[in-house]
Amino acid sequence: FFFQLMQLSILVVSTDNNKSIVVNNYSNNNNTSKLSWLGWMATILVWPLIMSVPLLLSYRSSPLYYQRILVEDWYTWDADAGERTKPIITILACTSLAVSQLVLHLYSFLHKNGYLLVQSSNNKWMVPPKVQIRTRRQVGDLSAKNKQSSTDDGHDDDDNDHDDEEEEENEAYDYLVERWIALQVIMMEVSRVLGLGPKELTNLDGPIDWFHVLVSWWIYEVVMYTMHMSMHRLPFVYKRVHKVHHQYHNPSLMDSIKVDWFEQVLTATLPGMVMTVLLPNGTFWSTMTFGCLTIGWSLILHAQYEWPWDQLFRRIGLGTPGDHHIHHKLSKYNFGHMCTWLDWFFGTYRSPTEFPKLFHL
């Protein structure tokens, strides 16, 4: 019921309004100069709100500290006596991730419909620019050249774009509830019931360890970069597994969760296993904070619209939709997830500004 309610909420805030619109180009002057006061507030607050559940429940000074709002029997158990972890661990994990997604969908709705921008005085509704040029005729010879290159690498370049964005989003929300969330919950519950993973990750005591979150981020990035590049370098793995995620070359927000079931299990377990070995003293709230950032960033990367922070992020090596759209369109560049540092180091980074016939940026 909880996740069906979440699906309904996302559908409500994702409905496009029929307005007379004009594109507001962030590339002119300052990246954030056209944000309204509401836009400034929302853009600043969206980041802590993504992590709102761990932030509110993990600190003793918070009025929503978990020991104040939960029944004691729900979060106490004797692990040394062999008692199983309580279901509250799975419930809190799912709630943390669900709230982070709802926050980003609400922000995305306000952003792409222009509610966060200073509006013009000529009855034209200002909206942010889309990342990709969607008409194939505008692509020209460059697309054909990259198509040949992609074919040589073992990738089929069918140039599938979201011509009907609303229909595709509705399909993705059904996918979200019917399989992606179900598989995530199943994996969490199996891990809890079987007692998999270190006991520290089920410990609710103690605030968020931000150093642990930062190191986890770097370990995750290295593992995901290696996995992602391997999926593209091995044609059999790409065609059988990763191609599901690459079926659209102009991805939308919800395409971040449209992956093959094997890839979903692999990306949810392998980085975590490596982090457990290298960071054995992790805590539940630190892990959930990192999980909220990871899933939130994945949604951000697949958006079809520029975000207000994109130009700043691209300068300091953090991933943006423009960078990831390069990957979806051309397949052989930008394998990084939350940052582009490894792409810079290994020479696989390309900026969307290098392809003016493909991207608006």
Query - Given Lys112/Lys357; Lys86/Lys243; Lys258/Lys357; Lys34/Lys332; Lys130/Lys258; Lys112/Lys329, the pairs whose alpha carbons are separated by over 32 Å - result: Lys86/Lys243; Lys34/Lys332
Query raised in the report: So what is Rg over Rh here for segment 285-337, counting just Cα atoms and using Kirkwood for Rh?
Result: 1.01
Requested in this report: Mind grabbing the accessible area of Tyr65 for me, 1.4 Å probe, Å², rounded to tens?
Outcome: 10
**Report entry** Solvent-accessible surface ranking, highest first, for Ile295, Ile326 at 1.4 angstrom
**Finding:** Ile295, Ile326
Report summary line: Interchain or sequence-distant (5+) residues whose placed amide H lies within less than 5 Å of the amide H of Leu117 are Ser36
Query raised in the report: Given a 1.4 Å probe and the protein chains all in place, what does the accessible area of Lys112 round to, in Å² to the nearest 10?
Result: 20
Requested in this report: Tell me which residues come under 5 Å, amide H to amide H, from Asp209 once H is placed; ignore anything under 5 positions away on its chain.
Outcome: Ser286
Report task. Kindly report, to the nearest 10 Å², the accessible surface of Leu214 as traced by a 1.4 Å probe over protein heavy atoms only. Result -> 100
Query raised in the report: So what does the Cα-only Debye profile of segment 203-361 read at q = 0.09, 0.11, 0.15, 0.21 Å⁻¹, as log10 I(q)/I(0), no solvent term?
Result: -0.30, -0.44, -0.82, -1.49
Query - Rh by Kirkwood over Cα pairs, then Stokes-Einstein D for segment 244-313 at 0.692 mPa s and 37 °C, µm²/s - result: 234
Query raised in the report: Hey, if you drop one equal point scatterer on each alpha-carbon of segment 57-100 and run the Debye formula without solvent, what base-10 log of I(q)/I(0) do you get at q = 0.17, 0.23 Å⁻¹?
Result: -0.57, -0.91
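The values are calculated or read from the model by the stated rules, or taken from the named source; none is laboratory data. Since we're looking at a predicted model, the values are computed, not measured. The protein model used for the area step is the full one, side chains on, heavy atoms only, and it has no ligands, DNA or RNA in it. Shrake-Rupley method; radii C 1.70, N 1.55, O 1.52, S 1.80 Å.
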